[in-house]
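Working notes, beginning with the structure itself.
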Amino acid sequence: MPAPALMAILNATPDSFSDGGLHLDPGAAVDHALQMAQEGAAWIDVGGESTRPGAARVSAKEQIARVAPVLTCLRLALDTAGFQRVGLSIDTTQAQVAQVALDLGATLINDVSAGEDDPALLPLAAQAGATVCLMHKRGQPASMQAAPVYGDVVAEVKAYLLDRAHAAEQAGVARDKIWLDPGIGFGKTLAHNLALMRALPELVATGFPVLLGASRKKWIAELEGDAPDPHNRVGGSVASTLWAAQCGVAVVRVHEMVPHRQVLATWQALQG
Ligand code: HH2
C-alpha cells in the first residue's frame, strides 16, 4: 500500500494553536517551508487564519496581507532549491484569498468550510483547474466545541462530504481534483474524533482521496489527560499517521516532517 503524502503546515498567523507567531516574518516562513520540503513534505499548506476552537474570523484582506508575502517568494524558492514537485496549498475559505494564492503558484485550495463560506470558491477552483480539499466542520471555530451532538457521526460526516463533493462537481471541479477530510477537532468530542478515525476506511472507500489532519490536536491530550503543550503530542500525532496509512489515507496534514516520514518509511519497509 502506498504511504500517505505529507502536507506540511505553515501558519502565517499570530494565534494558531501550535505554531502561532512563528512564521509571521516571510523570510522565516520561507526558510521553514524549505526545511520541511527537504525533510519530505509533498505539500506546503499556507494559512493566514487560525481555525482553532475559539478563534475569531480574519478578513480576506488581512489573510492576503499575511500569506501573499510568503507565497510571493515561496514558489521560486522551492523551485530554485530543486523542490519543483512540492505543491503549494492555501488554507482559506475565501475565494479572494484563494485567487491571490493561485496567482502566486498554489494549485490546491484547502477549504475547511467545504465551499460553504464563500459561494465563489468552488467556481474559482473549477475555472483555475485547482484541487480542492473539502473538510467537514460543525459550526464556526468561535463556538464549535460547545457540546457538539451527532446522531451517527460517521454517517453524518460521510453524507455531508459526499454532498459537498457533489456541489464541487456541479460547480465544475473535476472529480479527480476533490479531496475529502473528516475535520478532526472541528465541532467534535474525543469520541467523535475517534469514531471518525476508526471509520477512515469507509471514507477511503468513496474513491475520493482522503486527507487527515490530526497532528498535535487536543484529542491526543484528552486520551491521557495530559500533554497540554501541543509540542508534546508527537507520539499521538505519529500514531494517527500510522493508522491513517493502514486505512489508505492519501495525505496527512502535519506540523513536523521527520517523525512522520520515519514512521511511514518503517511501515513500508516492514510490509516488504
Ligand atoms: N486543521 C486545521 C487547519 N486547517 N485543514 C484541513 N484540511 N484539515 C484539518 O484538520 C485542518 C485544516 C487546524 O490546525 P492548525 O492549522 O495547526 O491550527 P490553526 O487553525 O490554529 O492555525
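No lab work stands behind these numbers, since they all come straight from the coordinates. Model, not experiment: these values are computed from the prediction. Every residue, glycine as well, gets a Cβ built from its backbone with ideal geometry; the counts of neighbours run over all protein chains shown.
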At a Förster distance of 22 Å, what's the computed FRET efficiency of E222 paired with A142, Cβ-Cβ distance as r, to 0.05?
0.60
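Hey, what number do you get for the chain at 222 nm if only DSSP H runs of n ≥ 4 count, each worth -39500 (n - 2.57), divided across all residues, to the nearest 500? Present the calculation step by step, with values, prior to reporting the outcome.
Values: 10 runs with 117 residues, N = 272.
Computed ellipticity for the chain at 222 nm equals -13500 deg cm²/dmol.
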Pop a pseudo-label 7 angstrom from the Cα along the beta-carbon direction at both M1 and A56 and give the gap in nm to one decimal.
4.4
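Per residue, how much space in cubic angstrom lies within the convex hull of the C-alpha atoms of the stretch 55-117?
Numbers: hull volume 5.3 nm³, N = 63.
Measuring per residue, one finds 84 Å³ for the Cα hull of the stretch 55-117.
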Out of C247, F186, P141 - ranked by how far each Cα lies towards the positive end of the dipole of the chain, with unit charges on the beta-carbon of charged residues - the top one is C247
Of Q96, Q246, Q84, which has the largest mean-square fluctuation in a 10 Å C-alpha GNM of the chain?
Q84
Semi-axes of the stretch 92-143 from the Cα gyration tensor (sqrt of 5 times each eigenvalue, largest first, whole Å) come to 20, 10, 9
With just the Cα atoms of the stretch 99-223, tell me how far they stretch along each of the three principal axes, in Å, largest first.
42, 29, 22
Rg/Rg_ref, the stretch 1-47, where Rg_ref = 2.2 N^0.38 Å and atoms are Cα
1.21
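Need one number for the stretch 1-147: average projected area of the convex hull over its C-alpha atoms, nm². Don't skip to the answer; put the middle values down first.
Working: hull surface 37.0 nm².
About 9.3 nm², averaged over all directions.
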Along each principal axis of its Cα atoms, how long is the stretch 124-164 end to end? Whole angstroms, biggest number first, please.
38, 25, 10
Picking from V149, V173, V30, which is most flexible by a Gaussian network model of the chain using Cα springs under 10 Å?
V149
For the chain, just run the numbers: alpha carbon Rg, then divide by 2.2 N^0.38 Å, N being how many residues it has.
0.93
At R0 = 22 Å, how high is the FRET efficiency between E169 and A42 if r is their beta carbon distance? Nearest 0.05 is fine.
0.35
Here Rg/Rh (Cα, Kirkwood) for the stretch 155-272 equals 0.99
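How far, in nm, would the chain grow between D15 and L162 when pulled straight, counting 0.36 nm per residue and subtracting the alpha carbon separation?
On the way: separation 147, 0.36 × 147 = 52.92 nm, distance 3.16 nm.
Gain in length upon complete extension: 49.8 nm.
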Put in order of increasing Cβ neighbours within 10 Å, starting from the fewest, M36, M197, M1, M7 give M1, M197, M36, M7
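Report the full-extension gain for the segment A205 to A269: residue separation times 0.36 nm, less the Cα-Cα distance, to one decimal in nm.
Working: separation 64, 0.36 × 64 = 23.04 nm, distance 2.48 nm.
Using 0.36 nm per residue and subtracting the Cα-Cα distance, I get 20.6 nm.
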